[in-house]
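Colleague: Once you've had a glance at the structure underneath, I'll fire off some questions.
The values are calculated or read from the model by the stated rules, or taken from the named source; none is laboratory data. Values in this document were obtained by computation on a predicted structure and should not be read as measured data. Cβ placement follows ideal geometry from the backbone for every residue including glycine, while neighbour counts extend to all protein chains displayed.
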């Protein structure tokens, strides 16, 4: 009998050596569509709340729990979804989670009471949270190293794009569809995306290799992704970094503990400041004498600034270490938040609000790309899930502090100065993280070189015998 000599090929190096193909672009586009529907579904409730209050004759405060309960569901879903994506696969969790929040959103449109609506929004949040880390892992593992940070940042922009689209679509659609129709629409869209995932997206090849699936299964997927490449003589491996812990415990193992803590602190601080300023500004500007319409228009520049920053940083992270970009942006953001406090009655207030949004909101999409870069395949979705969860804790705490700030009556400049402190801490964390990512990149390159020099092995467990 003759054994076929298979050549060791690192799966990451295989992706790195090839140009991005059509199937990869399909995956990236669908991942962007998924995050867009996640952003749409997360924020649409805020835009239809006045219509719900009017139809049910409720005071505005009666619907306040809807935002918090949705964020809490998202927090729990992101932890569970990340862990399951590392355990059972990216594809099944992504499809199940997107379909879950689509069905839950449609069910929300049939709610007959506030209690039912709150419950359905919690269930919807669970699905949105579970979809985020799985989608992020999918995009990371279909990207070559050279464009992974930029691709992840682009896909995370889908959340901001979906949030902006929710307001635009609601302004035109609620008169025709009503609030129930808007919720139904927010459910139909993700179901369409889930259907396309089933049809067009194969499982992540990196996940298949890392989870010990057969080499034949890996080659079948790669044939779909790169139909012009002959993989028949290759045996795919992955040069996994050290560390024996798996699952969520692996995130705080000795190899990843420092990077995990630094990323979580930055995520928490960024979301706390962004949500607090974003939700507090309309109220504060209204108290200064602006009309509700004027206050909404001026404060919306903070959100537009965040979207502009997210787009800008997509281009920056192509050439600069992503942690360095975040470090610099939050340092500038800390200064701009202080300047915002000093610009309350000036003609340049709108411009400062826009720039503050750019520097504090723009980096948030970049932070969420770090798990896709920093963690190995076996921990990537869990890392993304926990990072999203920590960010949601920050956003919940930030939102809850608004009432205390309003009641306290502290001067605007003092509050802004206090809010600059978390941004300074986040900037320092990312300065250290930039060094960690650079060292990790050098080590990965050395591992790829060692694997490429390994001799053929005719006794690999998956090598067929003829």
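Colleague: Residue 155 - would you say it is touching a residue at least 40 places away in the same chain (Cβ under 8 Å), surrounded by fewer than 24 Cβ atoms within 10 Å (Cβ to Cβ) and closer than 20 Å to residue 194 by Cβ? Steps first, answer last, please.
Modeller: Working: touching a residue at least 40 places away in the same chain (Cβ under 8 Å): yes; surrounded by fewer than 24 Cβ atoms within 10 Å (Cβ to Cβ): no; closer than 20 Å to residue 194 by Cβ: yes.
The answer is no for residue 155.
Colleague: Any idea which of (1) in a helix (DSSP H, G or I); (2) modelled with pLDDT under 75; (3) surrounded by fewer than 22 Cβ atoms within 10 Å (Cβ to Cβ) is the one residue 258 doesn't satisfy?
Modeller: (2)
Colleague: Oh, and also: Exactly one of these conditions fails for residue 280: (1) part of a helix (DSSP H, G or I); (2) surrounded by fewer than 18 Cβ atoms within 10 Å (Cβ to Cβ); (3) modelled with pLDDT under 85. Give me its number.
Modeller: (2) is the only condition that residue 280 fails.
Colleague: Considering region 407-427 alone, what residues qualify as being assigned to a helix (DSSP H, G or I), over 25 Å from residue 264 (Cβ atoms) and in contact with a helix residue (DSSP H, G or I) (Cβ under 9 Å, 6 or more places away or on another chain)?
Modeller: Scanning region 407-427 gives 408, 412, 413, 414.
Colleague: Does any residue of region 208-226 turn out to be more than 24 Å from the chain's Cα centre (by Cα), over 19 Å from residue 89 (Cβ atoms) and assigned to a loop (DSSP other than H, G, I, E, B)?
Modeller: yes
Colleague: From 105, 130, grab the single residue that is over 16 Å from the mean Cα position of the chain (by Cα) and either buried (at least 24 other Cβ atoms within 10 Å of the Cβ) or outside the structural domain of residue 194 (by TED's automatic domain parsing) (or both). Don't jump to the end; show me each part of the working.
Modeller: Values: 130 fails: over 16 Å from the mean Cα position of the chain (by Cα).
Sole residue among the options that is over 16 Å from the mean Cα position of the chain (by Cα) and either buried (at least 24 other Cβ atoms within 10 Å of the Cβ) or outside the structural domain of residue 194 (by TED's automatic domain parsing) (or both): 105.
Colleague: What is the one condition in (1) closer than 20 Å to residue 414 by Cα; (2) modelled with pLDDT of 90 or more that residue 328 does not satisfy?
Modeller: (1)
Colleague: For region 227-247: of the residues being part of a loop (DSSP other than H, G, I, E, B) and in contact with a strand residue (DSSP E or B) (Cβ under 7 Å, 6 or more places away or on another chain), which is modelled with the lowest pLDDT? Break it down stepwise before answering.
Modeller: We begin by selecting, within region 227-247, every residue part of a loop (DSSP other than H, G, I, E, B); these are 227-233, 238-246.
This time we only want the ones that are in contact with a strand residue (DSSP E or B) (Cβ under 7 Å, 6 or more places away or on another chain), so: 233, 238-239.
Numbers: 233: 79, 238: 77, 239: 66.
Per the criteria, the residue is 239.
Colleague: Starting from residues that are surrounded by fewer than 24 Cβ atoms within 10 Å (Cβ to Cβ) and in contact with a helix residue (DSSP H, G or I) (Cβ under 6 Å, 6 or more places away or on another chain), keep the ones in region 345-363 and report whichever is nearest to residue 81 (Cα to Cα).
Modeller: 359
The rows are residues; the columns are (1) closer than 16 Å to residue 122 by Cβ; (2) modelled with pLDDT under 85.
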site	(1), (2)
5	no, yes
35	no, no
57	no, yes
62	no, yes
78	yes, no
84	no, no
93	no, no
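Colleague: Based on this model, can you work out whether residue 67 counts as modelled with pLDDT under 85, surrounded by fewer than 21 Cβ atoms within 10 Å (Cβ to Cβ) and in contact with a strand residue (DSSP E or B) (Cβ under 7 Å, 6 or more places away or on another chain)?
Modeller: Details: modelled with pLDDT under 85: yes; surrounded by fewer than 21 Cβ atoms within 10 Å (Cβ to Cβ): yes; in contact with a strand residue (DSSP E or B) (Cβ under 7 Å, 6 or more places away or on another chain): no.
So residue 67 fails the test.
Colleague: How many residues does region 133-152 contain that are surrounded by fewer than 24 Cβ atoms within 10 Å (Cβ to Cβ) and in a helix (DSSP H, G or I)?
Modeller: Final tally of qualifying residues: 5.
Colleague: Another question, if that's okay. Is it true that residue 302 is surrounded by 14 or more Cβ atoms within 10 Å (Cβ to Cβ), touching a helix residue (DSSP H, G or I) at 6+ places or on another chain (Cβ under 6 Å), within 30 Å of residue 151 (Cβ to Cβ) and at pLDDT below 85? I'd like the intermediate steps shown before the answer.
Modeller: On the way: surrounded by 14 or more Cβ atoms within 10 Å (Cβ to Cβ): yes; touching a helix residue (DSSP H, G or I) at 6+ places or on another chain (Cβ under 6 Å): yes; within 30 Å of residue 151 (Cβ to Cβ): yes; at pLDDT below 85: yes.
In short, yes.
Colleague: Here's a follow-up. For a quick check of your reading of the model, give me the residue pairs whose first member lies in region 408-432 and is in the same structural domain as residue 285 (by TED's automatic domain parsing) and at pLDDT below 95, whose second is surrounded by fewer than 16 Cβ atoms within 10 Å (Cβ to Cβ) and outside any loop (DSSP other than H, G, I, E, B), with beta-carbon atoms closer than 7 Å and at least 6 apart or on different chains.
Modeller: Note: pairs meeting the criteria are 413/342.
Colleague: Determine, yes or no, whether residue 139 is in the same structural domain as residue 18 (by TED's automatic domain parsing), more than 17 Å from residue 366 (Cα to Cα), in contact (Cβ under 8 Å) with a residue 60 or more places away in the chain and in contact with a helix residue (DSSP H, G or I) (Cβ under 9 Å, 6 or more places away or on another chain). Write out each step before concluding.
Modeller: Values: in the same structural domain as residue 18 (by TED's automatic domain parsing): yes; more than 17 Å from residue 366 (Cα to Cα): no; in contact (Cβ under 8 Å) with a residue 60 or more places away in the chain: yes; in contact with a helix residue (DSSP H, G or I) (Cβ under 9 Å, 6 or more places away or on another chain): yes.
It is false that residue 139 is in the same structural domain as residue 18 (by TED's automatic domain parsing), more than 17 Å from residue 366 (Cα to Cα), in contact (Cβ under 8 Å) with a residue 60 or more places away in the chain and in contact with a helix residue (DSSP H, G or I) (Cβ under 9 Å, 6 or more places away or on another chain).
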